[in-house]
1. Nothing charged except the Cβ atoms of Lys and Arg (+1) and of Asp and Glu (-1): what's the magnitude of the dipole of the chain about its Cα centre? Round to the nearest 20 debye.
2. Sorted from largest down, give the three principal axis spans of the alpha carbons of the chain, whole angstrom values.
3. For the pair Asp337 and Arg214, what calculated FRET efficiency results from E = 1/(1 + (r/R0)^6), where r is the Cβ-Cβ distance and R0 = 45 Å, to the nearest 0.05?
4. Quick query: amide H of Met127 versus all other amide H atoms, modeled in the peptide plane; which residues come in under 5 Å with a sequence gap of 5 or more or a different chain?
5. Taking the chain, how many lysine pairs are there with alpha carbons less than 21 Å apart, if each pair must be eight or more places apart or span two chains?
6. Count the DSSP beta bridges whose two residues both fall in the chain, then state the antiparallel fraction as a percent rounded to the nearest 5.
7. Using a 10 angstrom Cβ neighbour count of at most 14 plus a DSSP loop assignment to flag exposed GluC sites (Glu not before Pro), which longest range of the chain is free of such sites?
8. How would you classify segment 1-126 from its alpha-carbon gyration tensor, with a ≥ b ≥ c the square roots of the eigenvalues: rounded for a/c under 1.5, else prolate if a/b is greater than b/c, otherwise oblate?
Amino acid sequence: MSTTPEFWTQIPGDGRAGANSRALFNAAQFVIPGGVNSPVRAFKAVGGDPPFIRAARGPYLLTEDGVTLVDYVGTWGPAILGHAHPEVVDAVCRAARDGLSFGACTAGEVEFAELLCRLVPALKGGMVRLVSSGTEATMSALRLARGFTGRSKIVKVDGGYHGHADFLLVAAGSGAATLGIPGSEGVPAATVADTLTVPFNSAAAVEQVLEQHRGQVAAVIVEPVPGNMGCVPPRPGYLQELRDLCTREGVVLVFDEVMTGFRVALGGAGQRYGVIPDLVCLGKIVGGGMPVGAYGGRRDIMQHVAPLGPVYQAGTLSGNPVAVAAGLATLQILARDDPYAALEATSAALAAGLSARAAKAGVPVVMNRVGAMFTGFFRAGEVHDYDDAKASDLGAFAEFHREMLTCGVYLAPSQFEASFVSLAHDAAAIDHTLSAAEAAFAAVARRYG
Ligand SMILES: *Cc1c(COP(=O)(O)O)cnc(C)c1O
């Protein structure tokens, strides 16, 4: 099988695991726990074996069974330009030829940090530190918030996911939500004793917790638009209320923009909603498909990070030249082309088209969308928090997912994940998706007969 350019002009086909994917998955399960290197890839929530992916271009994946799929996972967010964007791939190849990693200072990381501080409102006039994943970014930002304030408690949102650090695996979303693991085995009770949780979209709940634990809360961490309980927009005013409460109580407000950064606007949710946190965490798009995370913000806080200050944080591969090249090229393209109006239009048309087809089939679906991230919840009524999301019909979602895959459309394999539109999703990809959805909703409609 070749991965020559022809494959992306092939019509999307039945993407359910074929003989090659099934053989690979069998082999994988013997040597890798569950056959996967991250739980949600196992398709547990939707059933069936996962297709193995051989290559990707633009909005399309090519499976090991030789089938093309329209992709809305986008490597869980990073692929905003579409897969294998030529400028990004060139930048990576150029960097790789000069050495994969030095563990020493490079010009690229300075240019990258300067660009981040120009684009992301929370970083303006502040500082940023590069790490290698979103998990590291949130973990490090919260250690810093604790070091800066001398307090130990952290407030997070039910269904909010901030990576897999021990103390954040409490009422966590994403794979943890799908698998129904409230936290995780192996996390000592003492480790989560200082983690307090509140429902999303209720500033009153945060106010109450901050009053109950006055002077003890170091940080409130929130995905400004949660994507790991499925996509849930913040209510008007909610983020500003969090900002005001944190300022009043001397609490560090941390926006986990690992998913929303460069996704819901060039400057992320901070820019879209006009609310500036004290610290921001980045990941996913910031690495353009390579392992990069970042955390940063107020200069007086960041000055506590080692070697400038007493809060330790380090990384052998942090800011390595190949990953930085991918991230830098991606962000430079986004800053140069400012494609967010076009992305918004494509995403709005897709979401409206999906909603219309669900309605026509008589399937209750709540379509939540912010910019180029969306989730269709299989339920009636609105979804404002994790409890609302959990009231979805997971069986209907699983069937819809299966039908879409059969018709050549690869959606996030869980009700509690967002799907992503990229700049490479053209009319052909969207049209294919909508006709697939028509058939898929018709199949799901039989459940409501
Ligand atoms: C994906 C994600 C993380 C974790 O990032 P990794 O790179 O997977 O460690 C953290 N927070 C949010 C909001 C995410 O979406």
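Just so it is clear, none of the values below were taken in a lab; they were calculated from the coordinates. Only a predicted model underlies this, so the values are computations on that prediction, with no experimental measurement involved. Glycine gets a Cβ as well: all are built from the backbone with ideal geometry, and neighbour counts include every protein chain shown.
1. Roughly 300 debye, rounded to the nearest 20.
2. If we take the Cα atoms of the chain, the spans are 56, 54, 46 Å.
3. Here the calculated transfer efficiency is 0.45.
4. Hits under the 5 Å cutoff: Gly297, Arg299.
5. Lysine pair count for the chain: 4.
6. 55 percent
7. Formally, the longest exposed-site-free interval is 186-381.
8. Cα axes put segment 1-126 in the prolate bin.
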